[in-house]
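Derivation of every value follows stated rules applied to the coordinates shown; laboratory data play no part. All of these numbers come straight from a predicted model, not from anything done at the bench. All Cβ positions, glycine included, derive from the backbone under ideal geometry; neighbour counts span all protein chains shown.
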2 protein chains.
Amino acid sequence: MITDLPPIDHARRVAAMCGGASGTTLYTDLADMRWLTGFVGSNGWAVVRHDELIVGTDGRYGEKACEDTAGSGATVIVEHQAVALHERLVQVLGTGAVGLDSSSVSHAVWERLANAVHLVHQPSPVSVLRRTKDEAEVARIEAAAACADSALAVVEPQLCGMTEADVRMELEYQLRLHGADDRSYDTIVAAGPDHGARPHHAASGRTIIEGDTVTIDVGALVDGYHSDMTRSWVMGEATEHQREIYELVSVAQQAGLDTITPGVAARDVDASCRQVFVDAGYGDWFIHGTGHGVGLDIHESPYHSASSAEIILEGYVVTVEPGLYRGGFGGFRIEDLVLVTKPVNGTGHRVLTHSPKRELN
Amino acid sequence: MITDLPPIDHARRVAAMCGGASGTTLYTDLADMRWLTGFVGSNGWAVVRHDELIVGTDGRYGEKACEDTAGSGATVIVEHQAVALHERLVQVLGTGAVGLDSSSVSHAVWERLANAVHLVHQPSPVSVLRRTKDEAEVARIEAAAACADSALAVVEPQLCGMTEADVRMELEYQLRLHGADDRSYDTIVAAGPDHGARPHHAASGRTIIEGDTVTIDVGALVDGYHSDMTRSWVMGEATEHQREIYELVSVAQQAGLDTITPGVAARDVDASCRQVFVDAGYGDWFIHGTGHGVGLDIHESPYHSASSAEIILEGYVVTVEPGLYRGGFGGFRIEDLVLVTKPVNGTGHRVLTHSPKRELN
């Protein structure tokens, strides 16, 4: 495990939230709750009201919640029965308006709470702040990216002849041997003309053979923070068509990276990659968005898509991941994770993923 | 990977659902969708209307959705843009009433859909059917349980001197070496007086030493189906108090298992374990429920708790997992996974988890 990470200053975050809070805000998103309070668990809520922070959870997490939230100054409520925990929440929320992000609870939970308190939809203030990473967060994401680089360096030379599932197993084992707490997400290993054509293929018992396109999408988790990276190869000598497609993905990915600087529109990141493919006549081989924010969640705002209205700002950590896919051919994706920085000589980002992008044989 | 599993008959499930369907039902829960259609992905929906089954997903899963749902006879809709997929869903749902389980979508998604179609809350019919496992499902759960038994047998003799995190890493690696697709959930390794007192402790860098209570909660995933099992030990020679508490957990767990037969109330399973602890004066050391259903979800209905109104029926697969925990002492939990069967000589279950429950030294 990686132990020399700078501490996260939850007290500062809480002070910023409480200072600006005019009413009562309820958080039920687990990543929002972790960011604000430090509490890590699968069930709970946080309430910010005036200068108070209150965290509620169930008996499985009572001891842990007290320890996790020590730095945030939260008051912790523990109830072993779900009904009792709900009643305590209603009591804490009181009679005034309560802001809650309607995307962070099920409709059933919203309805039940709305019967007892005055709920108002409010986009989560924490989820907006979470987009901008501080130094302690960047250190964790960078450490996670380094674990994935190291794991891939061990496994990459042995790909041909392994099954997709064995590659995944070895990669995820290596992530931890190199200090990661866990994988960032279910590692994608997609080989050959059928599986390679699926951006989110689940690794199978298929053996990787000469001539296959191979795409590996692998990230690590360090103290709650994710990394995200994809590399692609051809096993053995590439065909002309494989070279052409790989080169297009490579050019598009560089074009995307070149756009990343504070102030750029997320849709322009997407457009810069997409245009390369459209110009070459392969626009319909690009069947997903160009990237997303990464932090306590593997997918978080902003999203680089044609319909996005978001602007990329300094301190954001985002992916740039164009790819081309076609059944019968396979596919390639190249993805880097970048920190958006103050611009120097016109470019405003630092790449956090360092695995080499191989030239095809 | 485990390859000789009996096939799952999605066509039969679809026929049963469509035959009984008087209106239109929308499914957004991913496990419901998988159970009914065979589609495995992180985004999508299924609609059952009259004799039709329609599955919608995004571009990442287009090829996969067609292959996965071949056995169910679903019509597959693929849209690369989220907005377009939403519009197709609205079109498919039409103007009549649409049943949707309000616990399976966020309030934001519900509101957006409700603006376009006539949504009515309806507890998911599929989630009720999913409680009763067929032979193909039991085969998967049993295979998963066997993987966890094998993995634990390899790692258990080496616990003392390892860190919690290394035990987790080796267990999860061994799960796959023994054929599992993955872990069933983040493996819990909780050692010593502080961590052992937390039922859902996340494995840390703490080294396991003589005198520690150690609790390991480990399961495997096979073709989407989970297993779930917990064992506890004392490292080296146990103290009198440790023996007393372990014996109580052991007796309570057997008492719980003894209740499992078709027709028993879930709350009586809970009460049978809880009473053992209350009688011994340790009622407040038992800080969670006694068990839950297991299948495509690691936690699914029914839940064994004091407030449950559910009845256990033949074909259910459920856990029985009482435990005692206290800061400064540590804790023990013993958990088995059982299939509810026709009663023979008064007992109506078959235990699927076979790792030995050690006597303390």
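Per-structure values
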read-out	value
Antiparallel DSSP beta bridges within chain B, as percent of all bridges there, nearest 5	80 percent
Residues of the stretch B:63-85 with amide N under 16 Å of a point placed 7 Å along Cα→Cβ from B:Cys18	B:69-77
Qualifying lysines (Cα of each under 27 Å from Cα of B:Lys133; at least 8 residues distant if same chain)	B:Lys64, B:Lys342, B:Lys357
Chain B: angle of helix B:10-20 to the longest principal axis, Cα-based, in degrees nearest 10	60 degrees
Most fluctuating residue given options A:Val83, A:Val47, A:Val120, as computed from a GNM of chain A linking Cα atoms under 10 Å	A:Val83
For the stretch A:266-357, convex hull of alpha carbons as volume per residue, Å³	125 Å³
For B:188-199, mean number of other protein chain Cβ atoms within 10 Å	2
Relative contact order for the stretch B:221-278, counting Cα pairs under 8 Å that sit 6 or more residues apart, in percent	30 percent
Ranked list, fewest to most other Cβ atoms within 10 Å of each Cβ, for B:Thr3, A:Thr75	B:Thr3, A:Thr75
Antiparallel bridge percentage (DSSP; both residues within the protein assembly as shown; nearest 5)	80 percent
Distance between the stretch A:297-361 and the stretch B:33-73 - C-alpha centres, whole angstrom	29 Å
Rg(Cα)/(2.2 N^0.38 Å) for the stretch B:125-266, N = residue count	1.15
Computed [θ] at 222 nm, deg cm²/dmol, chain B (DSSP H ≥ 4; -39,500 (n - 2.57); rounded to nearest 500)	-10500 deg cm²/dmol
Average other protein chain Cβ within 10 Å of Cβ, residues B:53-63	4
Anisotropy class of the stretch B:1-50 from Cα gyration tensor, a/c 1.5 cut	oblate
Positive-end residue, chain B charge dipole about Cα centroid, Cβ charges, pick of B:Thr353, B:Gly59, B:Gln275	B:Gly59
Label spacing, shortest first and in nm, from A:Gln91 to its equivalents in the remaining copies (7 angstrom along Cα→Cβ)	5.3
Surface/4 of the Cα convex hull for the stretch B:37-156, nm²	10.0 nm²
Antiparallel %, DSSP beta bridges [both residues in the stretch B:10-129], to 5	45 percent
Spin-label model distance (nm) - B:Ala280 vs A:Gln158, 7 Å beyond Cα toward Cβ	4.6 nm
Two-decimal Rg/Rh across the protein assembly as shown, once Rg and the Kirkwood Rh are taken from alpha-carbon atoms	0.95
For chain B: rounded, prolate or oblate by the Cα gyration tensor [a/c cutoff 1.5]	prolate
Relative contact order computed over chain B (Cα-Cα under 8 Å; 6+ residues apart), in percent	14 percent
Approximate spin-label separation A:Arg358-B:Arg326, in nm, with each point projected 7 Å along Cα-to-Cβ	5.9 nm
Selected from B:Val109, B:Leu129, A:Ala202, residue furthest toward positive end of dipole (the protein assembly as shown; charges at beta carbon)	B:Val109
Per-copy distances of the B:Gly73 label point, shortest first, in nm (7 angstrom along Cα→Cβ)	6.4
Distance between modelled label sites at B:Asp4 and B:Val83, nm, 7 Å Cα→Cβ extension	5.4 nm
Position A:Glu111, label points 7 Å along Cα→Cβ, spacing to each other copy in nm (shortest first, one decimal)	1.6
Within the stretch A:285-361, GluC sites (Glu not before Pro) in DSSP loop having at most 11 other beta-carbon neighbours inside 10 Å	A:Glu359
Residue order, fewest to most surrounding Cβ atoms within 10 angstrom, among A:Leu129, B:Leu337	A:Leu129, B:Leu337
